[in-house]
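Participant: Structure provided below as structure tokens; questions to follow.
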Amino acid sequence: MVIPERNNWNLGFIADPWWSGYQDLGYINEPFNDHESEAQWRALGYTQTRFTGDLYDMRQEEPVWINPFREVFAWQHWAWSVYRMNPGTVLPNHSDLYVRYRNIYGIDNVDAIWRAVVFLEDWQSGHYFEIDDTPVTEWVRGEYAIWRGATTHLAANMGQTPRFTLQITGVPLENPLVQ
């Protein structure tokens, strides 16, 4: 898949995936933290009781396979979260607020923050991701989307199997889109 480079996002690829064991972590579900977006979605007709998948994040014990990602994404204030999106979950178009992250690291400027979403498994029918109005499907294990600050994106699982991703958040020392 070839997508042109954008100012605020791009796609990348990790050639030799090393991770495993992410399917059986102690995932928890937390409510979506942007009540304004949730109200807009409800006004559009979304009726589900929750908008988020399940998380296993840096508040729990770090799996050993997470550490090598620190070399791939050599960012300051590094944070991680493994995300399981079960069938039927829809997270409509939104911009991340990074509330917990900003509070932990005292960051005011959202544009200084970057996020990478690494697809931990090959794409399966019904799994969907979109960034800045650009659909992303048919990914392979190790492909990732990377974006700056408030770049809009959405995700859904209309398939039959959970969709697993790793979210990495940080403040790069240089623009990660410049290779």
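Participant: For segment 50-64, does any single residue satisfy the condition of being at negative phi, free of Cβ contacts under 8 Å to residues at least 60 places away in the same chain, out of contact with any Ser or Thr (no Cβ under 6 Å at 6 or more places or on another chain) and of a type in the set (Lys, Arg)?
Facilitator: Yes.
Participant: Oh, and also: Report yes if Arg84 is among the basic types (Lys, Arg), within 18 Å of Ser20 (Cα to Cα) and assigned to a strand (DSSP E or B), otherwise no.
Facilitator: Yes; evaluated as a whole, the condition is true for this residue.
Participant: Pairs, please: C-beta under 9 Å, at least 6 apart or cross-chain, first residue under 24 Å from Asn7 (Cβ atoms) and in segment 125-142, second of a type in the set (Ser, Thr, Tyr) and assigned to a strand (DSSP E or B)?
Facilitator: Short answer, once both residue conditions are applied: Phe129/Thr165; Pro135/Tyr128; Val136/Tyr128; Thr137/Tyr128.
Participant: Those residues that are within 14 Å of Val90 (Cβ to Cβ), outside any helix (DSSP H, G or I) and under 18 Å from the mean Cα position of the chain (by Cα), I need them from segment 17-64; list them, please.
Facilitator: Within segment 17-64, Phe32, Arg50, Phe51, Thr52, Gly53 meet the criteria.
Participant: OK, next. Taking Trp147, is it surrounded by 15 or more Cβ atoms within 10 Å (Cβ to Cβ), out of contact with any helix residue (DSSP H, G or I) (no Cβ under 9 Å at 6 or more places or on another chain) and in a loop (DSSP other than H, G, I, E, B)?
Facilitator: no
Participant: Among the listed residues Tyr56, Tyr46, which satisfies the condition of being aromatic (Phe, Trp, Tyr) and at pLDDT 95 or above?
Facilitator: When all the criteria are applied, what remains is Tyr56.
Per-residue answers, yes or no, for (1) under 29 Å from Pro176 (Cα atoms); (2) among the β-branched types (Val, Ile, Thr):
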| site | (1), (2) |
| --- | --- |
| Gln48 | no, no |
| Leu55 | yes, no |
| Arg59 | yes, no |
| Ile66 | yes, yes |
| Glu71 | yes, no |
| Leu91 | yes, no |
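Participant: I need a count of the residues in segment 99-128 that are at pLDDT below 95 and in contact with a Lys or Arg (Cβ under 8 Å, 6 or more places away or on another chain).
Facilitator: 3
Participant: Output the residues belonging to segment 147-179 that are farther than 17 Å from Leu55 by Cβ and touching a Lys or Arg at 6+ places or on another chain (Cβ under 7 Å).
Facilitator: Hit for segment 147-179 is Trp147, nothing else.
Participant: Follow-up question, since we're still on this one. Within segment 86-106, can you find the residues that are more than 20 Å from His35 (Cα to Cα) and either crowded, with 17+ Cβ neighbours inside 10 Å or not β-branched (Val, Ile, Thr) (or both)?
Facilitator: Across segment 86-106, the qualifying residues are Asn86, Pro87, Gly88, Tyr105, Gly106.
Participant: Then there's this: For segment 114-129: of the residues being under 14 Å from the mean Cα position of the chain (by Cα) and part of a loop (DSSP other than H, G, I, E, B), which is surrounded by the most Cβ atoms within 10 Å (Cβ to Cβ)?
Facilitator: Leu120
The values are calculated or read from the model by the stated rules, or taken from the named source; none is laboratory data. What you see is a predicted model, and the numbers here were worked out from it, not measured in a lab. Glycine also receives a Cβ, built like all others from the backbone with ideal geometry; neighbour counts cover every protein chain displayed.
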